[in-house]
Amino acid sequence: MNNNTNQEEKKRKILVLDASVVIPSSEVTLLEGLKVTVPEVRGELKDSTSEMKFSSMISSGELKEMEPTKESIEFVRRKSIEMGENLGDTDIKLISLAWELKSSGEKVILLTDDYGIQNVASMLDIPWKGVFQPGIREEVKWKWRCPACGKTYNELVRRCEYCGTQVRRTGIGRGRKTT
Ligand SMILES: [Zn+2]
């Protein structure tokens, strides 16, 4: 039998990269598969070394910037709000891109160490993978906050004890840039 047939049957993997995995120590360049991201990730890189890494991945053609459609973005935004995830625009766009690629039948994996992104990806059935420390989840401190009266909770409650409003998560994931 020839190998080409097997190669063709094995579907190409598409890796969607979050800013949290484009850092100097990351071995993300060693991973096989087409690597894509959204242009806004560039603005979320943590330091100049990460920016250099990102730029060289782009100029070598190893990493491609893609834009999800407005429809996907709206869909993902609505879903994440429904589940109380307070994600930034870049995070929403990344998930949208992964969701869109997956919906078009691609074999996609979202690479992120951001717990909020992982959460929404799980809910949308998008396969994801963390890249760094396996113990990362324990380092993340989450809080929930009532958007109406401002009361904060350290544990998940669906409704605010004081005013009955649906409580939103406001935790800061490791690597999430706060502006
Ligand atoms: Zn309240």
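So is ILE172 among the aliphatic types (A, V, I, L, M) and modelled with pLDDT of 90 or more or not?
No, not satisfied.
Cβ-Cβ distance below 8 Å, separation of 6 or more or different chains: which pairs start in the stretch 142-163 with a residue that is within 8 Å of the ligand (Cβ to nearest atom) and end on one that is of a type in the set (Asp, Glu)?
Between residues of the stretch 142-163 that are within 8 Å of the ligand (Cβ to nearest atom) and residues that are of a type in the set (Asp, Glu), the close pairs are LYS151/GLU161.
Here's a check for you: in the stretch 40-50, which residue that is at pLDDT below 90 and of a type outside the set (S, T, N, Q) is farthest from ASP89 (Cα to Cα)?
Across the stretch 40-50, the extreme among qualifying residues is ASP47.
I'd like the full set of residues that are modelled with pLDDT of 85 or more, of a type in the set (Val, Ile, Thr) and farther than 18 Å from LYS64 by Cα, limited to the stretch 93-144.
ILE117, VAL120, ILE126
The values are calculated or read from the model by the stated rules, or taken from the named source; none is laboratory data. Quick caveat, the model's predicted, so the values are computed rather than measured. When we count neighbours, we look across all protein chains shown, and the Cβ atoms used for this are built from the backbone with ideal geometry, even at glycine.
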